[in-house]
Amino acid sequence: MIHLFTTGGTIDKIYHDANSEFAVGDSLLPELLVEANVTVPWRITELCRKDSLELTDTDRADVCAAVAACSEQRVIVTHGTDTMPLTAAALSDIGDKVIVLFGAMQPARMRRSDAVFNLGYAMAAVTLLEPGVYIAMNGEVFEAGKVRKNLQAGKFERWE
C-alpha cells in the first residue's frame with residue numbers, strides 16, 4: 001500500500017477567469033491515479049491546500065507527524081515546487097520509510113502539464129528506492145538535502 005498525502009501547490013491549482021488568478025483547489029490525484037490505471041493499492045490523505053510559499057514550519061511539522069504516524073512504509077507527498085526541498089529536509093528524520101515528494105510546474109488541470117508524468121515517476125520511484133527522502137521531478141530523483149529549485153531554468157538540480 002502506498003499512502004499519498006496532498007498539501008496543495010501548483011499541481012492542484014485552478015484558474016479563476018473572473019479574477020485572472022490561480023488558487024489551490026481540490027486535488028486531481030484520485031482521478032489521475034484511476035486514469036493511469038494504477039493497480040498498486042493506494043490511499044490519499046489531504047493535509048492542506050496551500051501554495052508552498054504559504055507553508056509554515058507548523059505545516060511542515062504537521063506533514064512530518066502525519067508521515068511518521070502512518071503505517072505504510074512507502075509514502076508520496078504532493079507539494080508545491082518552491083519550498084519542496086525544505087519539506088524534504090524536514091522529513092529526513094524519518095528513517096524507516098521511502099518518502100517521495102513531487103509536484104508540477106503547471107497545474108494538472110492544464111493541457112500541457114508535467115503533473116501526470118511526475119506522478120507516474122513518483123509512483124515508480126517510491127516502489128524502487130531504498131528508505132530515505134527523495135524529490136522526483138521531471139525524470140530525475142534527488143536526495144533530500146542535496147537539491148534546489150533553479151528558478152531561472154525552471155527545474156530542480158543537484159546541490160550540496
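The values are calculated or read from the model by the stated rules, or taken from the named source; none is laboratory data. What you see is a predicted model; the values in this text were computed from it and never measured. Cβ: placed from backbone, ideal geometry, glycine included. Neighbour counts: every protein chain shown.
For residue 116, all conditions in the list (1) modelled with pLDDT under 95; (2) in a loop (DSSP other than H, G, I, E, B) hold save one; what is the number of the exception?
(2)
Which of the residues that make up the range 119-142 are part of a strand (DSSP E or B) and either out of contact with any helix residue (DSSP H, G or I) (no Cβ under 9 Å at 6 or more places or on another chain) or not small (Gly, Ala, Ser) (or both)? Full working, then the answer.
The first filter runs over the range 119-142 and keeps only residues part of a strand (DSSP E or B), leaving 132-137, 140-142.
Matches in the range 119-142: 132, 133, 134, 135, 137, 140, 141, 142.
Kindly evaluate residue 39 against the criterion of being without any contact (Cβ under 8 Å) to a residue 60 or more places away in the chain, out of contact with any helix residue (DSSP H, G or I) (no Cβ under 9 Å at 6 or more places or on another chain), part of a helix (DSSP H, G or I) and among the hydroxyl-bearing types (Ser, Thr, Tyr).
Working: without any contact (Cβ under 8 Å) to a residue 60 or more places away in the chain: yes; out of contact with any helix residue (DSSP H, G or I) (no Cβ under 9 Å at 6 or more places or on another chain): yes; part of a helix (DSSP H, G or I): no; among the hydroxyl-bearing types (Ser, Thr, Tyr): yes.
Answer is no for this residue.
Considering the range 106-160 alone, what residues qualify as being of a type in the set (Lys, Arg), in contact with a strand residue (DSSP E or B) (Cβ under 7 Å, 6 or more places away or on another chain) and closer than 19 Å to residue 53 by Cα?
Looking only at the range 106-160, we keep the residues that are of a type in the set (Lys, Arg), and these are 109, 111-112, 146, 148-149, 155, 158.
Then drop every residue that is not in contact with a strand residue (DSSP E or B) (Cβ under 7 Å, 6 or more places away or on another chain), which leaves 109, 146, 148-149, 158.
Once the filter is applied, which keeps residues that are of a type in the set (Lys, Arg), in contact with a strand residue (DSSP E or B) (Cβ under 7 Å, 6 or more places away or on another chain) and closer than 19 Å to residue 53 by Cα, the range 106-160 yields 148, 149.
Inside the range 70-88, can you point out the residues that are crowded, with 16+ Cβ neighbours inside 10 Å and more than 20 Å from residue 29 (Cβ to Cβ)?
85
Restricting to the range 128-140, and then to whatever is crowded, with 19+ Cβ neighbours inside 10 Å and of a type outside the set (Gly, Ala, Ser), can you tell me which residue is nearest to residue 7 (Cα to Cα)?
Residue satisfying both the conditions and the ranking: 135.
What is the residue count in the range 38-64 for residues that are within 16 Å of residue 89 (Cα to Cα) and surrounded by 12 or more Cβ atoms within 10 Å (Cβ to Cβ)?
Residues meeting the conditions: 7.
Please list, ordered by first then second residue, the pairs with beta carbon atoms under 6 Å, 6 or more apart or interchain, first in the range 111-127 and surrounded by 19 or more Cβ atoms within 10 Å (Cβ to Cβ), second in a helix (DSSP H, G or I).
Matching pairs, first to second residue: 115/11; 119/32.
Collect the residues in the range 89-104 that are crowded, with 17+ Cβ neighbours inside 10 Å and farther than 14 Å from residue 131 by Cβ, keeping them in residue-number order.
Within the range 89-104, 90, 101, 102, 103, 104 qualify.
When only residues in the range 121-144 that are farther than 13 Å from residue 99 by Cβ and of a type outside the set (Ser, Thr, Tyr) count, which is farthest from the chain's Cα centre (by Cα)?
Only one residue fits best here, namely 128.
May I ask you to list the residues in the range 58-83 that are in a helix (DSSP H, G or I) and among the small types (Gly, Ala, Ser)? Spell out how you get there, then give the answer.
Initial filter on the range 58-83 (in a helix (DSSP H, G or I)): 58-69.
If the condition is that a residue be in a helix (DSSP H, G or I) and among the small types (Gly, Ala, Ser), then 61, 65, 66, 68, 69 are the ones that fit.
State yes or no: is residue 67 farther than 22 Å from residue 138 by Cβ, touching a residue at least 60 places away in the same chain (Cβ under 8 Å), within 15 Å of the chain's Cα centre (by Cα) and buried (at least 19 other Cβ atoms within 10 Å of the Cβ)?
Working: farther than 22 Å from residue 138 by Cβ: yes; touching a residue at least 60 places away in the same chain (Cβ under 8 Å): yes; within 15 Å of the chain's Cα centre (by Cα): yes; buried (at least 19 other Cβ atoms within 10 Å of the Cβ): yes.
It is true that residue 67 is farther than 22 Å from residue 138 by Cβ, touching a residue at least 60 places away in the same chain (Cβ under 8 Å), within 15 Å of the chain's Cα centre (by Cα) and buried (at least 19 other Cβ atoms within 10 Å of the Cβ).
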